[in-house]
Structure formats: C-alpha cells, structure tokens
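One structure below.
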Amino acid sequence: MNSLQLSIRFPDLFAQFLRFISLHGIELSKQVLKFAGLPALFASYLLTIPAKPLNESTIFVEAGFSLDGHIFQFAGILIFSLLSLILTIQTATVYTQYSIESMDAPSQESISQAMLETIPKTIGAFFLLCFAIVLGLFFCILPGIYIMSAGMLFFPLIQDPEISIFSGLKLSVKLIRNHALKPIAFILLILIITSIPSTALGFLSELPIPFLDAFMPRIILMLNSLISILTLGMISVFGVILHKELLKGTDFPSPIAPIK
C-alpha cells in the first residue's frame, strides 16, 4: 500500500453523500426496510408486550420488565435487534458499493446474491467490531471512539473476498488514522437530522386519537425503530464513500471492493 494520503475534506464527502442519496435514497431505503424492517419491528413489538397499560413512554421500565419469566422475550428482543442492525449495515453497504461501481442501481438479484455471499463475514465483523469498541471504551474512551470511527470502513473493506475480518479491522484502523473525526462528525450530524422526525412522533402520543390511544406508544416505538435502521443505513453509505476516497491513494486495483 502506498503511503500517499489524499486531502479529503468533510464538506466534499458530505456533498458526495447528498448526491448519492438524491439519486438512490428512496430505493436504498426500500431495500433496507425490506431486509431489516421486519426484525426491527418485531423487536420493538416484543419490547412492549409486558406493558399494561401501554400509556408510558418508558415502557420497558414502567412495565417492570424483569428477567424472571421473560427470558424468551429478552432473547427475542436481543436476537431480532442484532439481526436488524446486521442486515441494515449489509444491505446499505452492498447497495452503495454496487451503485458506485456500476453507476447504476443494482438489481434485486445482485443485492440478494452479494448479501448471501458476504453475510457470514458481516456477522463475524459485527461482533468483532462490537468487542473491539467495548474493549477500547473500557480502557479509555478515545480508543473506543477511534475504533467506532474505523468501523465505517470495516464493512466496505470485508466485502472484498481477499480481505479477512481480522485484516479488515486492522486495515480500517490504519486507513482512518488521519480521518477519524470525519465519521464522528457525520454521525453527529445525521443524528441531529433524524432526531427531527423522532421528536415529531413523540408529539403524536399527546394527540387524542380514538382507538389508538392505548397503542400509540407501541406504534411510535416501532416507527422510531424504522427511523433508527434508516439512520444506520445512511451512516453505512457515508462509510462506503469515505472508503472509496481513502483507497484512491493506495495500491488497491479498485477504489472499492468489487461485488462478484
């Protein structure tokens, strides 16, 4: 790998992100909701089962959701939450890489095939990254944040069949060295933007809607879960764009890992 470091400005990266979203945002959102929406909704539904009545915003706490007698609900919430996160990252990464490489929207068959081929690596990478972040935060907050920032490059890198998850993590940490603040800045910015619809949904719980009053907290929680996975999808898109720009100054034959 060359030691060349390109000058990459955050405004330029964000402009690329906006251009990509303007062209592919609707279709990308459909794909994320298609693959990850159902597990996200199911996890949200399980989260609200013990709440009687459903009239508190902090359903999990107010319902007295203890582990006793709720082991299956806890397991379901954990499994489906993790599944929705992994599928969101995988879908957004595959879709974005394919779209940038081919200059066109990928077909459903291309997305499904690429996801089937690389989902085992994505699952392994997800848990490895979580472990590394927790370990970094345990010893010192800054290493954990640094690894979290490198994680945006991690998933695009491992789509290349020649890169293992361990070498991918090492390479992502190396590549992000002089650019660690850019992913953090984007995450903060996109969270501020997506907090607007989440806040608007919160006001709905105050509106008297016949036949829905008792279920409104559950509905709002489920809608917020969909907003969350779409937000994670946007973060993954930015990671692919940053990944593409960083690899332009390396010996890699292609600026992005090819989708076979």
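The values are calculated or read from the model by the stated rules, or taken from the named source; none is laboratory data. As the structure is a computational prediction, the values presented were derived from the model and not from experiment. A quick note on method: Cβ atoms are made from the backbone with ideal geometry, for glycine too, and the neighbour counts reach across all protein chains shown.
Listed by first and then second residue, the pairs linking a residue in region 135-153 that is closer than 26 Å to residue 163 by Cβ and among the β-branched types (Val, Ile, Thr) to a residue that is at pLDDT 85 or above and part of a helix (DSSP H, G or I), with Cβ atoms under 8 Å apart and 6 or more places separating them unless they lie on different chains, are 145/184; 147/129; 147/132; 147/133; 147/173. The residues of region 173-196 that are in a helix (DSSP H, G or I), without any contact (Cβ under 8 Å) to a residue 12 or more places away in the chain and either closer than 13 Å to residue 238 by Cα or not β-branched (Val, Ile, Thr) (or both), listed by number, are 174, 188, 195.
Is it fair to say residue 117 is loosely packed, with under 15 Cβ neighbours inside 10 Å, touching a residue at least 12 places away in the same chain (Cβ under 8 Å) and part of a helix (DSSP H, G or I)? Yes; evaluated as a whole, the condition is true for this residue. Beta carbons closer than 9 Å, at least 6 apart along the sequence or on distinct chains, pair a first residue in region 82-104 that is without any contact (Cβ under 8 Å) to a residue 24 or more places away in the chain and of a type in the set (Gly, Ala, Ser) with a second that is surrounded by fewer than 24 Cβ atoms within 10 Å (Cβ to Cβ) and part of a helix (DSSP H, G or I) for 102/110.
Do the conditions hold for residue 101, that is, is it closer than 20 Å to residue 175 by Cβ, assigned to a helix (DSSP H, G or I) and over 17 Å from the mean Cα position of the chain (by Cα)? In short, yes. From the set of residues in region 135-167 that are more than 17 Å from the chain's Cα centre (by Cα) and among the aliphatic types (A, V, I, L, M), which is farthest from residue 187 (Cα to Cα)? Among those residues, the one meeting the criterion is 163. Does residue 110 satisfy the criteria of being under 28 Å from residue 158 (Cα atoms), assigned to a helix (DSSP H, G or I), at pLDDT below 85 and out of contact with any strand residue (DSSP E or B) (no Cβ under 6 Å at 6 or more places or on another chain)? Yes: the conditions hold for residue 110. Among the residues examined, residue 41 does not qualify as under 24 Å from residue 234 (Cβ atoms) and modelled with pLDDT under 85.
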